[in-house]
Each structure stands twice: as structure tokens, then as C-alpha cells.
Amino acid sequence: MSILKEGKNYELLNTCNKCGFCVQGCSVYKEHFNEAYGTRGRIRLIKAVANGELERTPLYEKIINSCLMCEECSKNCPSGVQGHLLVQMAREDLVREKGLPFVKKFPLEKVLPNNNLRKLSFHSFRLGKNIIPQTIKGINIKSLNIEKVDFLSSYKPIQKPENPNLKVGFFVGCMMNHTMAQVANSIVGVLTKEGCEVVVPTEQRCCGTPAYVYGHSKVTRESALHNLDIFKDVDVVVTGCASCGNMLKSYGKLFPEDSKERELIEGFSKKVRDITQFLVDDLKISLDNKQSSLKGKVTYHDPCHLVRGQNITEQPRKILQGLKGDEYVEMPGASKCCGASGMFQYFYPEEATAISNKKVENIKKTNADYVVTNCPACYQRIKGSLEINKMPQKVMHIIELLDSK
Amino acid sequence: MNSKQINYFKTIVDPKNICTTKEELLVYEYDATLLKGAPEVIVFPETTGQVSLILAYAYQENIPVTTRGAGTNLSGGTIPDQGGIALVLTKMNKVLEIDFENRVVVVEPGTINQELQDMLTPHGYYYPPDPASMKACTIGGNVGECSGGPRCLKYGVTRDYILGMEMVLSTGEVVAIGSKQQVNPDPLDIVKFMVGSEGTLGVFTKLFLKIKKISEAKKTMLCTFNSVKDASRTVANIVREGIVPTTLELMDNLLINCAEDFIGLGLDRTADALLLIEVDGLKEELDGQVEVIKKVCEKNNVKGFKIAQSAKEVDQLWTARRTVIGAVARKRPSYSMQDVTVPRNKLPDIVEEIVNISEKYNLPIGVLAHAGDGNLHPLVLFDERNQEEVEKVHEAEFLICKKALSLGGTLSGEHGIGLLKKPFLDQEFAPEVLSLKRQIMLAFDSGNILNPDKILEVGK
Ligand SMILES: Cc1cc2nc3c(=O)[nH]c(=O)nc-3n(C[C@H](O)[C@H](O)[C@H](O)COP(=O)(O)OP(=O)(O)OC[C@H]3O[C@@H](n4cnc5c(N)ncnc54)[C@H](O)[C@@H]3O)c2cc1C
Ligand code: SF4
Ligand code: SF4
Ligand code: SF4
């Protein structure tokens, strides 16, 4: 039996009463104006497959795969239907019934979970980067920084403070590890300055987001158990990647209710904090006489997996508004998806480019000098799109503002 | 339809705007009701000229055309139950002109209500009709259904804001009616016929709308009661005092709890009824009005009386109100919403009957009402997959409609007739009136191809 028909899953599918409240918020729908690419339509089709009215056709696969997992629909649905979870479930069903194509299977199953292979592939990409076209399918390859030596490989533990208040494990995440070593160092630095003992277990593994969103949660479950074990001795696990945080916090749903593993993993998830959440809510850092490392106008982009995935909106703004020396401006549509969404940008370049261009337009309206965000994937996408559009704004990770040297 | 016919449409619009795949037909077979019926082809026109050519051909070939905006209507108005073409206007979605001096806006029909409001707000203007679905529905659909909303008590419904339109007739002819100027009353005003025509008289391609300036100030009140009776008496008394709030919305206990589950505002879960009251106008008038309303509430045993203190609080109250219909689905998987109107002072009677019906059929029924104009939306909760329960829902709704009519009410406040209310129509209108309506429909659409046999069985 297909997992779509399983008790609770099928129940979820049937809670959608087709009111259509989710449709206009769906960025992918807004590029097609065709219901098939909006949440309500996707749910109808998943239901059709579950009921045996429809085969798993190539068009069905395209419709199911062209979802950003931005969670906008789930936030907008008064009936509590979690559109993005239904899409994830449909992808899981596709993987089981039809398998994954090699272009996804190999990276998801073999490369990302394996630290050496992953290092190798980022490394070869860095070397190859200069001989391939500078943009591929609207993705700005040229602007993508890849570290020669990634953060984890070069990490040297720093002096821990005397009488540390907390023992913090830093989960760096693959994107940050390979593309923003500087930012990762800043996170360690700021946390230490705030009196925490920071540990960075170098054998930590990809959080498993890519495998999960493409319906291969078996791989994610393995990552979950691995990371649980690696971080068992710390009080808190902090990350500066919105997607990682979202995944680490919701590992529980991957394990059967009432299982021993579920209980353990939920205990781990409870320790996870986004960096802004940790600084503002837990450490309650004082911003009274903190100087921003930037001068000029600063605006903020909410990563989907932070604003909707983790309900974090106030904390980053508190930091940005509290820091001295720069001026904060809110951008229109700050919480709309930037169009990156993992492999989406590669497989659906037309939609992704149009969605990113809307973000660029909104940035333009603010007249800001800097765009700040809190997720390496958004960072790269926005940076690339701004450069393609010849816009002057610089993109920063929020921690860079706090780390004035 | 045959493939020659379908291919012909590809000569009119970009082939990417023609869909015939099974997947796409499946997502255009429904709207917000439980009804179904698949089209044979979906066409997304991008210009008036394309709409005109599509209709001319459909007329010649006698193909049914179901016009569709966002498909959020609650009467089956966009179900292509006779197959043919689903004519979807979502790609014609531009705001063409905003003229603040003359307070007129020109939009294409696929413009989303909320998106228009978002363009007007920064300039201090708004378009008053505010269906709860405003984030999701199109202006074309609003005109098709003559939609109303909470603030229509004071400011009127869609009909009061449509100055004119460009429209394509079933033969493909393009006509402009009304005007962008607000002119003298027009005898035999065709614009008025078009509003609420549910896609049966023509396809709108441009709409001229009136807009208003946002009032200087407003106050939002939240009042809870121990009985629906007390709440409805309050409503009648407020109106008798000569105050016209923009909004007088009533929710019963079931809905209070559903709203609370979704938004978590700290509403009183034990209250039997809640009134959301909003007044607007000049700053100095408002305090007096609030005082009077408060007195009326107290006279009717109000349980809690609260004035929203911040813009954020007001926003949250409105979000709660606008989403409460969907929020009921947290209790049971499906809901069916009726739309009946009774004279304001008969509210307690119909609510009492609804409670009886709910008990008799053992079905939870929530009551939401635009209480100011006696428009009720009883929401019956059930499970669509349980056939026996579905039968009971039909019976229960039939009884509610009968009661509304016997109290001197009507069957459609604002959601239209479509397919869903068709069976009730001859209980509300005399045969002569129905015959007149039929003749009007045939005068506009002699081939009966536009949303054929919706509202009324027309025949040819
Ligand atoms: C949860 C919920 C709450 C709602 N709340 C309200 C409310 O408070 N008040 C209210 O009035 N309604 C309400 N509605 C009903 C619905 O949203 C409105 O009727 C809305 O106006 C429909 O707009 P639409 O774009 O979805 O139109 P559709 O459903 O696509 O079409 C509606 C009708 O208009 C016709 N039509 C559409 N476009 C055109 C055009 N360009 N030319 C000619 N005919 C056209 C269609 O043929 C159809 O008959 C609610 C619906 C839901 C699901
Ligand atoms: S997912 Fe929710 S918002 Fe979307 S159509 Fe279904 S019930 Fe409505
Ligand atoms: S998750 Fe985002 S892209 Fe996917 S259906 Fe929901 S709103 Fe659309
Ligand atoms: S979500 Fe992305 S960046 Fe974060 S760990 Fe996983 S793959 Fe890496």
C-alpha cells in the first residue's frame, strides 16, 4: 500500500476543503497562474494518486517536484493543512514507487552524508568553476565562493572562557562549511565572547535537509542518529543555517511515535537554537553599546525555514534595530522565498529566476546598502541575483554585523 | 469536444495557455464546494481580443464555457458540469489605472482583491467590498457573485462599487457599458444586471471600480455573551440607536473555539456568542458611539466588553474573523456553508432552529453571521467520505433554508446560486419572476453556452 493511503497521512490529505486560501501565497503558482502549480491543485493531485484515479505520470512528478518547500501555504491555511508536508509525503511516495533519478540519488545518498566525498565534490567544483560558464540556469556560479579549505577541516579549538555559562555545540552545516568559513569562525568567536564554551565536533554530518525534501528521509534518519550521538555532551546546539536549524528541530517526525528513538531525538531537537534565537532569547545579549560592523542602510530577508519553519522573526530584527551605527529598513515582502530552495533553482530555472527577481525588486525599493540574512543558501542566491541584476547591495550573514573586529 | 476544436484554440492563444492533460483537468473540476465536473479543455486568455475569438468560436460550435477567476466561490458556479471550456482569467490580472482624483480604478478581472487593497492603502484609499476570502479571490469573481463582506453593513456590497465594465458577449462581441465617470442614474442600467450574473451573461475583461478614502479613525470592539439571544438583541438595539457600525459580526461558541485554535488570541472559550463590532468616522464622533454601544451591550447582559488597543490587536481580530470558516475544518474534515438571510430581529429564531436541527441530526453546526444585515452562514461539519452523513447534511441544510424563507428571509446573502442553490430557487421566486430571469439570460446568451443552466435551467 502506498504511504499516501496510510491512516494519518490519508486523513491529512482529506482535511483540505479546497477553500483556495493558500493559492495566492504560493510563489510558484504566481509564476504559472495555473492551479496545478498551486498548493490546492497539488493536494488534489496527490489525493488522486492516493485514490488510484491518477498514475504517477511525468507531469505529476514535475508538479510535485516544483514546490519550494517554503511553507507559505501551511502558514496560510486556516484548516491546519500542512501543504508542504503533503508535498514531502508525495515525494517520499515517488521515491518508493519509482526510485530517484541518478542526478538526485547519488548526491543525496552517497555524497552529502559522507564527509570525505562531500569535501571532494565541493573541491572539484571549486576547481571546475572557472572553466564552466559563469551562470548556469540563472545560478550565478561566478559569485559562489567555495573555500579552499573548508571550515571543519581547518578548525582549531579556541581558548574557552573561564567559568563558561554554557557548553555550546556548533552545527555548521555543509553550505556554511564549504562556502562561508569566515562566517562560521565569527559564530564561534561571538559565542565565546559571550561567555560560552564552544565545541565543534568535526565528524558532524549534513543535517539531511536535501534528502528529506526530496523524499528520501531514510538517509535523513541516519544523519539524525549520527548527529544525536555526536552532540550528546552539549547543553545547546547552535546553527547559523536556517534550513539546518529547521531540520534539526524537527527530526522527531521522521521516527515512529512512541519509539525509543523518537524520544531521544526529540530530546536532541529541544537543544537546538538558531544563532539569533540563542543570542536574544537565551543569552539575552545586551545591544546597548554594541556597534554594528556596517555603516549605512541595512535590510533583512527572512529565510523560509526560519520565519515559517521556526517562527523566528523578531530576534534578528531586534539585533538589527539594536545595533548602533547603521539604519534598519524593513523590505516589502521580506518573508517571501528568495527562489533558491536547494535543487529547485537548478531544475526549475525559469520560475526560480522570476522569484529571485521579485526579491531583487523589493530590495531595490528599500534603497538599502546591505541585505542581511541568516542562511547560507539564501545568502548565495540573493548575492548571485543581485550581481546578475547589476545591483550594488552587499549581502551579509547577520553574525558578521556582531563581529566587529 | 473534438481535437479539431481544441486545436483551433491553439491558433488564438499561445499553445502553453491551452491545457488538456488529465492532471490539469483534475484541478479545474472543483471549486470551494464539494461538487465536481471536469472541463474538456482549459484556456487561459491574456487579452480581450483572445476572449472575444474564443467565445465567437464556442458560440459557433455550441461549446459550453465556464468562466473562472480564483475558483473560491461557494455555490458551484465554476464547476464545468457540462464539460467544454474552463475559461480561466487568472492571467489577466493587471491593475490598469488608478485615478485618485476621480476615485476610480480600472482592473483586469483576474486582479486579486487583497493585492488591489495593498496598492491603495499607502495612498490612504481602499476598495470597500471585503469578502473574507479577499486574499484569495479575484475582482472578476467578486463581480460575478456580487460579493459582500463584514464592512458592507455600512458601505454596501460589490454592486455599489461597479461603475462599468468592458465585457465580451457570448457571440464574441465586445461591449463597454457604464463609464469611468459617476454619471446620472441610467435607466435600465445594464451594469447592475451584470453584477451577480455568475458568469451567465458575459465575460468581464475590464472593470471600473469606485474607491474610497480610508476613514480618519476607527474603533474595534470585542463583546462576549452568555447566549446568542443576548447577542442578537444587542445587534438589533445598536441599529435602533441609529448607529451604523462598519461591522457587526457574530460567532457562536463552536466558532470562537475554532478561531482560538488557529490564532490563539485568548478569546473567551466559554462564551456562547461573540460580537465583533467596528465603527469608523471622525475621531471626535467615535468615543460617543462606543459609549452608546457599550451601554446597549450592558443592557443585554454582556459578559466581556473590550476595545482593541493596538493596530496589531485589530489585525489579529480580523485575521481570526476572516479565517474562522476554514478553521472549523480542524474539528471535522469537511464543512458545508449555507448563506441565508433573515430580518435582523429574527436572528434568535433561526439560531434556535439551527440548534434543534444540529441536535436532531447529530451534526455539529457552527453559526457565523454578518449580524448587522441578518446574513447567516451556518457551517455544518462532517466527513465527505461518509455517504450517510452527507445525506444528513443535505437534509439539515434543506431545513435551515426552509426556516429562513418562512421567517421572511432569502436564500442567498452573498454567495450566489450556481448549482448548489438551484433546487431551492422556485421556493423563493414566483414562476413569473423566474420566467423573466430566464428571458434576460437568453437575451444575453441565446445559445445558452455561458455557464449553461447555472442559477436557472434555461434550455434553448
Ligand atoms: C472560506 C471562504 C470565505 C468566503 N467568504 C466570503 C465572504 O465573506 N463574502 C462573499 O461574498 N463571498 C465569500 N466567499 C465566496 C467567494 O470567495 C466569493 O464568491 C468570491 O467573489 C469568488 O471570487 P473568485 O475569484 O474565486 O471567483 P470564482 O469562484 O472563480 O467565480 C465566481 C463566479 O463568477 C464568475 N466569474 C468569474 N470571473 C468572471 C469574469 N471575468 N466575468 C464573468 N464572470 C466571472 C464565475 O463564472 C462564477 O460564477 C468565501 C469563500 C470561501 C472559500
Ligand atoms: S490547503 Fe488549506 S488553505 Fe489550501 S485549499 Fe486546502 S484547506 Fe484551503
Ligand atoms: S511549500 Fe511553498 S511552493 Fe510549495 S506548495 Fe506551499 S506555498 Fe507553494
Ligand atoms: S540544509 Fe543545506 S546547508 Fe544546511 S546542512 Fe543541510 S545541506 Fe548543508
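The values are calculated or read from the model by the stated rules, or taken from the named source; none is laboratory data. These figures come from a predicted structure and were not determined experimentally. Cβ atoms come from the backbone with ideal geometry, glycine included; neighbour counts cover every protein chain shown.
Quick look at the numbers
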quantity: Matching option when the condition is over 18 Å from the mean Cα position of the chain (by Cα), outside the structural domain of residue A:31 (by TED's automatic domain parsing) and part of a helix (DSSP H, G or I), among A:355, A:382, A:319; calculated: A:319
quantity: The range A:22-38, residues that are within 7 Å of another protein chain (Cβ to nearest Cβ) and either more than 15 Å from ligand 1 (Cβ to nearest atom) or charged (D, E, K, R) (or both); calculated: A:35, A:36
quantity: Test set (1) modelled with pLDDT of 90 or more; (2) within 13 Å of another protein chain (Cβ to nearest Cβ) - residue A:97 fails condition number; calculated: (2)
quantity: Tabulated pairs, the range B:68-81, first more than 10 Å from chain A (Cβ to nearest Cβ) and in contact (Cβ under 8 Å) with a residue 60 or more places away in the chain, second of a type outside the set (Val, Ile, Thr) and in a strand (DSSP E or B), C-beta under 6 angstrom, 6+ apart or interchain; calculated: B:78/B:68
quantity: Of the criteria (1) more than 14 Å from every other protein chain (Cβ to nearest Cβ); (2) touching a residue at least 12 places away in the same chain (Cβ under 8 Å); (3) over 12 Å from the mean Cα position of the chain (by Cα), which one residue B:101 fails; calculated: (2)
quantity: Failed item in (1) within 14 Å of chain A (Cβ to nearest Cβ); (2) within 16 Å of ligand 1 (Cβ to nearest atom), with residue B:451 passing the rest; calculated: (1)
quantity: Yes/no for residue A:73 being under 21 Å from the mean Cα position of the chain (by Cα) and either in the same structural domain as residue A:344 (by TED's automatic domain parsing) or within 16 Å of ligand 1 (Cβ to nearest atom) (or both); calculated: yes
quantity: Filtered residues of the range B:284-316 (kept if in a helix (DSSP H, G or I) and either more than 23 Å from residue B:237 (Cα to Cα) or within 14 Å of chain A (Cβ to nearest Cβ) (or both)); calculated: B:311, B:312, B:313, B:314, B:315, B:316
quantity: Breaking point among (1) crowded, with 19+ Cβ neighbours inside 10 Å; (2) in a loop (DSSP other than H, G, I, E, B); (3) out of contact with any Phe, Trp or Tyr (no Cβ under 7 Å at 6 or more places or on another chain), for residue B:186; calculated: (1)
quantity: Selection from the range B:362-376 of residues that are crowded, with 22+ Cβ neighbours inside 10 Å and at negative phi; calculated: B:365, B:366, B:367, B:368, B:369, B:370, B:371, B:372, B:375, B:376
quantity: Filtered residues of the range B:169-198 (kept if at positive phi and either in contact with a Cys (Cβ under 8 Å, 6 or more places away or on another chain) or β-branched (Val, Ile, Thr) (or both)); calculated: B:196
quantity: Residues (crowded, with 23+ Cβ neighbours inside 10 Å and within 13 Å of ligand 3 (Cβ to nearest atom)) located in the range A:45-80; calculated: A:45, A:46, A:63, A:67, A:68, A:69, A:70, A:72, A:73, A:77
quantity: Residue in the range A:331-344 that is within 26 Å of residue A:147 (Cβ to Cβ), within 14 Å of ligand 3 (Cβ to nearest atom) and either within 14 Å of chain B (Cβ to nearest Cβ) or in a helix (DSSP H, G or I) (or both) present; calculated: yes
quantity: Residue list for the range A:19-69, restricted to those being among the charged types (D, E, K, R) and in contact with an Asp or Glu (Cβ under 7 Å, 6 or more places away or on another chain); calculated: A:31, A:56
quantity: Helices (runs of 4 or more DSSP H) wholly inside the range B:345-460 that include at least 2 residues being touching a helix residue (DSSP H, G or I) at 6+ places or on another chain (Cβ under 6 Å) and under 30 Å from residue A:11 (Cα atoms); calculated: B:347-361, B:387-406
quantity: Conditions (1) part of a loop (DSSP other than H, G, I, E, B); (2) more than 12 Å from ligand 1 (Cβ to nearest atom): number failed by residue B:198; calculated: (2)
quantity: Count of the range B:428-444 residues which are out of contact with any Leu (no Cβ under 6 Å at 6 or more places or on another chain) and within 24 Å of residue B:407 (Cα to Cα); calculated: 6
quantity: Residue satisfying condition, being farther than 24 Å from residue A:354 by Cβ, within 8 Å of chain B (Cβ to nearest Cβ), away from ligand 4 (no atom under 16 Å from the Cβ) and not polar (S, T, N, Q), within set A:41, A:80; calculated: A:80
quantity: Filtered residues of the range B:106-144 (kept if more than 14 Å from chain A (Cβ to nearest Cβ) and surrounded by 21 or more Cβ atoms within 10 Å (Cβ to Cβ)); calculated: B:107, B:127, B:128, B:129, B:130, B:143, B:144
quantity: Test: residue in the range A:317-337 that is touching a residue at least 60 places away in the same chain (Cβ under 8 Å), within 30 Å of residue A:234 (Cβ to Cβ) and buried (at least 22 other Cβ atoms within 10 Å of the Cβ); calculated: yes
quantity: The range B:149-160 residues that are farther than 15 Å from residue B:138 by Cα, paired with ones that are at pLDDT below 90 and part of a helix (DSSP H, G or I) (beta carbon under 6 Å, 6 or more apart); calculated: B:153/B:372; B:153/B:373
quantity: Every pair of residues 6+ apart whose Cβ atoms lie under 6 Å, when the first sits in the range B:384-413 and is more than 14 Å from every other protein chain (Cβ to nearest Cβ) while the second is of a type in the set (Ser, Thr, Tyr) and crowded, with 20+ Cβ neighbours inside 10 Å; calculated: B:409/B:341; B:410/B:341; B:413/B:341
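A quick yes/no check of all residues on (1) surrounded by fewer than 24 Cβ atoms within 10 Å (Cβ to Cβ); (2) under 30 Å from residue A:93 (Cβ atoms); (3) at pLDDT 95 or above; (4) more than 20 Å from the chain's Cα centre (by Cα):
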position	(1), (2), (3), (4)
A:174	no, yes, no, no
A:183	yes, no, yes, no
A:187	no, no, yes, no
A:193	yes, no, no, yes
A:210	yes, yes, no, no
A:213	no, yes, no, no
